[in-house]
Amino acid sequence: SPKMSVIRDVSNFFAVVLEAKEKIPCDQPPPIEKGTAITEDKMYYTGDTIRYSCDHGYRINGSNEITCKMGKWTSPPKCIETRETCPSPPAIKNGASFGPLLTNYTTGSSVKYRCHRYHILEGPETVHCVQGKWTAQPTCLEPCTLNVDDVSNNNIEMKWRLEGELFFLHGETIDFVCKQGYYLSSSSRQSQLTVQCTHGKIIYPTCIMKGKTIAVFAILL
């Protein structure tokens, strides 16, 4: 009937209008500071949603989701600093941290390290608390102690007479000479009588009596 035909036409009209509204596109999601929109390579229309994530050290303030409504996105969230605290600074071998010593530290705090006597600090003296984690700690390089028994057994002696306990810092060189009546083997160089303290270890040169052949080096472990 004519009346039913009009009703169908009106219904179809509103269906077309509703479908057109649902297909209104939105621009790409707005960027946010210290965060990123998790998007796909496509157009977004009314009803579509996307999510945001924050950079390390920041968290979402509010909902992490926005929606496309009639060609516009709802308001995006903000990323705020988490302000995580750090525990007491880690202990290091042959060294210690100093002042101020607290149970926890806020981001931006710092402490310093120093090594025990005769140890050399390698790496940063100062470490910083950054979002719940400390930056890399230094290490303390061990010194060497001259072992008089090893010196005697290898038929060598110090080139320079030194008094007291003989400590050598990491990286320092030590000059030896052969004892009287002993010599370096013919395959050895004179420079091998100068050795270096390396991580608490000394490789001692060996001198021999003429006519004898033995290992040229002994290692102090």
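Each peptide among 111-121, 66-76 gets the average number of other Cβ atoms lying within 10 Å of its residues, and from highest to lowest they stand as 111-121, 66-76. Taking 0.36 nm per residue of separation and subtracting the current Cα-Cα distance, fully stretching the chain between residue 56 and residue 80 would add 7.6 nm. On full extension, the segment bounded by residue 104 and residue 130 gains 8.1 nm, given 0.36 nm per residue less the C-alpha separation. In this calculation the C-beta distance from residue 120 to residue 162 is compared with R0 = 22 Å, giving a FRET efficiency of 0.70.
Using θ = phi - 60° in the Karplus curve 6.51 cos²θ - 1.76 cosθ + 1.60, the 3J(HN,Hα) couplings for region 172-183 round to 6, 9, 10, 9, 10, 9, 6, 5, 4, x, 10, 9 Hz; x is entered for Gly and Pro. Measuring from centroid to centroid over Cα atoms, what is the spacing of region 68-113 and region 40-54 in Å? Taking the Cα centre of each part, region 68-113 and region 40-54 sit 31 Å apart. Based on the Cβ-Cβ distance from residue 169 to residue 34, what FRET efficiency comes out when R0 is 41 Å, to the nearest 0.05? E(calc), rounded to 0.05, equals 0.35.
Using θ = phi - 60° in the Karplus curve 6.51 cos²θ - 1.76 cosθ + 1.60, the 3J(HN,Hα) couplings for region 51-63 round to 10, 10, 10, 9, 5, 4, x, 10, 9, 5, 9, x, 6 Hz; x is entered for Gly and Pro.
Bear in mind that the values in this text are calculations on the coordinates, not laboratory data. In this text the structure is predicted, and so the values were computed from the model without any measurement. Note that each Cβ is placed from the backbone with ideal geometry, even for glycine, and that neighbours are counted across all protein chains shown.
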